[in-house]
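These notes are about the structure you will find just below.
The values are calculated or read from the model by the stated rules, or taken from the named source; none is laboratory data. Just so it is clear, the model here is predicted, and its values are computed rather than measured. Methodologically, a virtual Cβ is constructed for each residue, glycine included, from the backbone with ideal geometry; neighbour enumeration extends over all protein chains shown. Just the protein is used for accessible areas: all its heavy atoms, side chains included, with ligands, DNA and RNA removed. Shrake-Rupley method; radii C 1.70, N 1.55, O 1.52, S 1.80 Å.
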Amino acid sequence: CCTSNRHGVLQLKTQAYIRLSICPSVYICVFIYLCKCRNIYIFFTMVTRTVCQVLQRRFSSAAAALRASPADVRSQRNAVFSREQARQRALYPRIEKIEVSMQCPGLEGTLLVMNRGMSTPLSCARHLTEHYVDNSALALVDGEPWSLHQPLTHSCSLTLLTFKDNDPTIANQAYWRSCSALLGQVLETAFKEDFTVELLSTVDIEGVAAVSHRGAQQLIHQDLAWEPLVVVPSVALEVFSHSRCKQEEVEQKASQSPTGTVMLHRCGDHVLLSAGPLVGRTGLCSQYDVTALHSLGEGPWGLQRRAQGLSLPLQMEAHHTVWRKLRQRAGRLVEVPKPEEVTTPASEQPATTSA
């Protein structure tokens, strides 16, 4: 290092001090040299920073190019769904007749002759009155919940369920699942392609709804059908080949199913995994509002958030004063019960509240 004493002598500090008499003009030269070195340092710092930014952009672009866009993912899922749907329909090349015994109030003993593998509960409702077509939310086939758009494969008894039945528990549960399905559909299409949004699970409890009120209302006004499709796990894994989280959910649901199959639904171009049958169409949703978006922190799959809302089905609208109070309650964070916890029986849950 360099220092100067009071006599104007520059001292070079090494192992020993060397006394040298230097002209004052040398100070100017040294100062200019140090300034040049500093400028060179700043120059190299700016160049290094620029190169790092360019490389970061290139690596980010390469990662985005390797990751499939949301549009490509939806197209791939739709293609697999349509292919499997066509394969299952081809299992019934000949028209075979089946007998469907209606069990609805006032229709006991009514017998319909329908086409095996082609006719659905909605097809049966069209042979009755417009009331059943407009108000039916779900069906019971031999006592088992059945989607309105799922083909009938054998002679059976059929009950059409509405939200105004004496015991609407099964219809309400399907309605809660349907509102959760709206959640995933709106979330996956509400953001730009730069953001990757993945639906982790649909919580089968009250309080879950779509995160975008406008997007949900658009789906409701379009009155889209939820097309069901029961598939083997290998097909479901192919549908969700871009989502490791959904693949794990497929394996879990298949292991819990008595038949080893899982249920898929399609609404427009959105394909989802469901824990059970959904209501017939999005138009059955009436009052629908988003109440909260809670942050759950980091999870195994990244930052997790929970969107909550409130909805009532068609023909069961609430007064605006009651609706405002319900919205305030629905804004609280919904605690999801763990599997080992004891839950309230379905028959004791409110029948008119839903996701």
Quick calc, the range 238-312, dipole around Cα centre from Cβ unit charges on Lys, Arg (+) and Asp, Glu (-), nearest 20 debye, gives 140
Accessible area per residue, 1.4 Å probe, Å², for the range 70-168: what's the number?
54
Charged-residue dipole, Cβ positions (Lys, Arg, Asp, Glu), the range 70-168 about Cα centre, Debye nearest 20:
600
For residue 90 and residue 251 in one chain, what is 0.36 nm times their gap in residues minus the Cα-Cα distance, to one decimal in nm?
55.3 nm
Around residue 156, under 12 Å between beta carbons, what's the net of Lys plus Arg minus Asp minus Glu among the other residues?
-2
For residue 154 and residue 332, extending 7 Å from Cα along the Cα-Cβ vector and measuring point to point gives, in nm, a value of 4.6
Modelled FRET efficiency - R0 35 Å, residue 97 with residue 222, Cβ distances, 0.05 increments
0.55
Using mean Cβ contacts within 10 Å as the protection proxy, how do 279-288, 171-180 order, highest first?
171-180, 279-288
